[in-house]
Amino acid sequence: MESRVVVLITGCSNGGIGHELARAFAGRNCLVVATARSLTSMSDFQNDPRFFLQELDVLSEQSVTHVLTNVLDKFGAIDVLVNNAGVQCIGPLAEVPLSSIQHTFNTNVFGPIRLIQSVVPHMASRKKGKIVNVGSCSALAPGPWCGAYSASKAAVHSFSDSLRLELKPFGIDVITVVPGAVTSKIGDAAIVSYSQMPEWKLYKKFEEPIRARAHFSQGPKSTPAEEFAKRTVNAVLKEKPPTWFSIGHMSSLAAIMYHLPLFIRDIIGRKLMKC
């Protein structure tokens, strides 16, 4: 009998795309290690045998080592790592506190790299594995008011390209998943962190469009997280998965904008974000 695929996912709190990815992998008969900073944020998985719940802080090397040890002790393998945990950072780059930008990069960039460096020796020893890094369409056409977030996701896209080539000799696939506007609680979380920002000085008159940027991806046409998750999981579980998988409302527009001359992209960005 074929052994079931073991999938470790970061950032599985209820209301986020990681939560729906966990459900979708479980729906495909995978053994899902669902992780978040707090077990209570995944309480609906608590009594479901398809899920192995672990508290994980991607900022802590000790936490990462502890969880990977637990998973390997229980299942003996990690077949798929999904680096999904991330934070938003809304505000004009010239005034956002450096500590907020550092936290964004620590979570969105160094967090995934910490997981990757911990899991690669295991995958390489088995000559197989898949690493899924969740980027963002906002990195394809960065606009105003979310420069730190867009830059962190651009870094994810960039290091994934390097990793894909570096890990190929060890039988490890690297898949960059690039969501468009997908329904989640990211807008609510962005507003919570935004409320801790200092009062803008130069940008006080832009307060309204800056604040609105937090919910930009959460419009009525946003792709349901369940649909996003199912299609993403189907792509990842293919024998030969795609190296780049982009889906969600406005993902095609972002891809088009990526190829536009910068002056046209700037006109669109200023109009959309009112600056």
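Rounded to the nearest 0.05, what FRET efficiency is calculated for Ser60 and Leu272 with R0 set to 51 Å and r the Cβ-Cβ distance? Plugging the Cβ-Cβ distance into 1/(1 + (r/R0)^6) gives 0.85. Summing Lys and Arg as +1 and Asp and Glu as -1 over all other residues whose Cβ lies under 14 Å from the Cβ of Ser222 gives a net charge of -2. Hydrophobic long helices, here whole DSSP H runs in the chain with Kyte-Doolittle means of at least -1.0 and Cα atoms spread over 18 Å or more along the helix axis, are found at 61-75, 111-126, 147-167. The equivalent ellipsoid of the chain has semi-axes of 32, 20, 18 Å, largest first, where each one is the square root of 5 times an eigenvalue of the Cα gyration tensor. Amide H contacts of Gly16 (H built 1.01 Å from N, in plane; Pro and chain starts excluded): Lys185 sit under 5 Å, all sequence-distant by 5 or more or on other chains.
Less than 5 angstrom separates the built amide H of Val132 from those of Leu81, Val82, Asn83, Ile175, all sequence-distant by 5 or more or on a different chain.
Considering only DSSP beta bridges whose two residues both sit in region 6-273, what percent are antiparallel, to the nearest 5? Among the beta bridges of region 6-273, antiparallel pairing accounts for roughly 5 percent. In this structure, the amide hydrogen of Val5, modeled 1.01 Å from its nitrogen in the peptide plane, lies closer than 5 angstrom to those of Leu31, counting only residues at least 5 positions away or on a different chain.
For the chain, the longest piece that avoids every one of the GluC sites (Glu not before Pro) found in DSSP loops with at most 10 other C-beta atoms within 10 Å covers 3-198. With the simple spin-label model, which puts each label point 7 Å out from Cα in the Cβ direction, the Lys168 to Arg4 separation comes to 3.4 nm. Which of Gly91, Leu165, Ser41 sits farthest toward the positive end of the charge dipole of the chain, with +1 on the Cβ of Lys and Arg and -1 on the Cβ of Asp and Glu? After comparing all options, I get Leu165. Extension gain, Ala235 to Phe263, is 6.6 nm, computed as 0.36 nm per intervening residue step minus the present C-alpha separation.
Here region 139-164 and region 105-119 have alpha carbon centers that stand 14 Å from each other.
Readers should treat all values here as calculations from the given coordinates under stated rules, not as data from a laboratory. Model, not experiment: these values are computed from the prediction. Using ideal geometry, Cβ is built from the backbone for each residue, glycine included, and neighbour counts are taken over all protein chains shown.
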